[in-house]
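To keep things clear, I will list the structure first and then write my remarks on it.
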Amino acid sequence: MEKQILYIDSDMASYILIAEILRNSNVKITHCKCGTSAILLFRKYPSFDLVITETRLPRASGFFVLNEIRKIKPDIPIIAQTASVLDNMKKKCLEAGFNEFVGKPFDLSLLLSFIGLKLIKFKTSII
C-alpha cells in the first residue's frame with residue numbers, strides 16, 4: 001500500500017532532493033510551498049500518513065501548521081525541518097509537539113530512518 005507524505009517547504013531544492021530520494025519507493029509525496037495551503041489541503045484530504053514541514057514558512061509557520069494539523073488528525077507523525085542555527089531549535093520543536101527534528105542540510109540517513117524507509121523496498125539503490 002502506498003504511503004502518503006505531505007511535504008511543506010518553500011525551498012524547491014529541498015523538495016526535489018526528497019522527491020528524488022523517494023522516487024523508487026512506495027511513497028507518494030504531495031508538496032506545498034506555504035503553511036496556509038498545506039492546512040487547507042490537509043483539511044480537505046486528511047489521509048496523509050506523515051507530514052514533514054519546514055518551521056519557517058510563508059504565511060503560516062511550521063508551528064502553526066503543526067497545531068492545525070493536530071486538531072484534524074492528532075496522532076499523525078510530524079517531522080520538523082529547518083536550517084535555523086539556533087542552539088535550542090531542536091528542543092523547541094520537540095517541546096511544541098513535533099515527533100522528530102531534522103536540520104538542514106539534511107542528514108539523509110537520519111531523515112530516512114525517521115520516515116521509516118527501512119521498511120520500504122527500493123527498486124534501485126541510492127548513491
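Values quoted throughout were computed directly from the atomic coordinates according to the rules given, and no laboratory measurement underlies them. Keep in mind that what you see is a predicted model, and the values were worked out from it rather than measured. When we count neighbours, we look across all protein chains shown, and the Cβ atoms used for this are built from the backbone with ideal geometry, even at glycine.
Structure notes:
- In this simple spin-label approximation, Ile16 and Tyr45 carry label points 7 Å from Cα along the Cα→Cβ vector, and these lie 2.3 nm apart.
- Based on C-alpha pairs under 8 angstrom that are at least 6 apart in sequence, the chain has a relative contact order of 23 percent.
- Pair Phe106, Lys28: separation of 7 Å Cα→Cβ label points (nm): 2.0 nm
- Of Lys3/Lys33; Lys44/Lys91; Lys3/Lys92, pairs whose Cα-Cα distance is over 26 Å: Lys44/Lys91; Lys3/Lys92
- Neighbours of Leu40 by Cβ distance under 14 Å: Lys/Arg scored +1, Asp/Glu scored -1, total +4.
- Gyration tensor verdict on the range 3-119 (Cα atoms; rounded if a/c is under 1.5, prolate if a/b is larger than b/c, oblate otherwise): rounded
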